[in-house]
Amino acid sequence: MKIINKFKNAFIGIGLAVQDASIRVQCICFLLINIACLILQVNIQDLVIIWLVSGLVIVSEMFNTCIERLADVVQPSYDERIRYIKDLSAGAVLVSCLFASLIGCTLLIKYVGGLLCTMMF
């Protein structure tokens, strides 16, 4: 397979991903976070860290969606083993969201505090 076809397939995959509601929510959150960073004038180092953890969340959601779809193909009817796999996969997304939120809040608190002080005085 030529390299151009590999990129083509990857872009098709991204297009499919943004059609999924869960991934779309994560992408909207990423957009809102970037708007907040612009308003707060976040420095480039903090912005890169925020992009990294945000990317981790989106990629986690993409893998979760793949696992769920594959599990549905393998076993269309209810199966306790498939439920376990899906729950574990969803849990991984939640853990990535929690850590991203913790890191984001830790980084952005100094900017919010500075903005509040500027507004008050």
| request: Evaluate the range 74-86: report whether one residue or more is under 18 Å from the mean Cα position of the chain (by Cα), modelled with pLDDT of 95 or more and assigned to a helix (DSSP H, G or I). | output: yes
| How about the range 27-59: which of its residues are outside any helix (DSSP H, G or I), on the phi < 0 side of the Ramachandran plot and surrounded by fewer than 18 Cβ atoms within 10 Å (Cβ to Cβ)? | ASN43
| query | Within the range 91-105, how many residues turn out to be at pLDDT 95 or above and surrounded by fewer than 16 Cβ atoms within 10 Å (Cβ to Cβ)? | reply | 8
| note | Scanning the range 1-26 for residues that are more than 18 Å from the chain's Cα centre (by Cα) and assigned to a helix (DSSP H, G or I) gives ILE3, ILE4, ASN5, LYS6, PHE7, LYS8, ASN9, ILE12
| query | Can you name the number of the only condition in (1) over 17 Å from the mean Cα position of the chain (by Cα); (2) within 30 Å of VAL112 (Cα to Cα); (3) at pLDDT 95 or above that ILE33 fails? | reply | (1)
| said: Let me spell it out: the conditions are (1) without any contact (Cβ under 8 Å) to a residue 24 or more places away in the chain; (2) under 16 Å from ILE23 (Cβ atoms); (3) under 17 Å from the mean Cα position of the chain (by Cα), and GLU61 meets all of them except one. Which number is the exception? | reply: (1)
| query | What number goes with the only condition from (1) modelled with pLDDT under 95; (2) over 18 Å from CYS105 (Cβ atoms); (3) surrounded by 10 or more Cβ atoms within 10 Å (Cβ to Cβ) that ILE4 does not pass? | reply | (3)
| message | Six or more apart or on different chains, Cβ atoms under 6 Å: show the pairs whose first residue is in the range 74-96 and over 16 Å from SER22 (Cβ atoms) and whose second is assigned to a helix (DSSP H, G or I). | response | GLN75/ILE82; ILE82/ALA71; ILE85/ALA71
| query | Being surrounded by fewer than 11 Cβ atoms within 10 Å (Cβ to Cβ), part of a helix (DSSP H, G or I) and over 27 Å from the mean Cα position of the chain (by Cα), is that true of even one residue in the range 109-116? | reply | yes
| said: Suppose the filter is aromatic (Phe, Trp, Tyr) and touching a Ser or Thr at 6+ places or on another chain (Cβ under 7 Å); does PHE30 pass it? | reply: yes
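The values are calculated or read from the model by the stated rules, or taken from the named source; none is laboratory data. Keep in mind it's a predicted model, so treat the numbers as computed, not measured. Backbone-built Cβ (ideal geometry, glycine too); neighbour counts: all protein chains shown.
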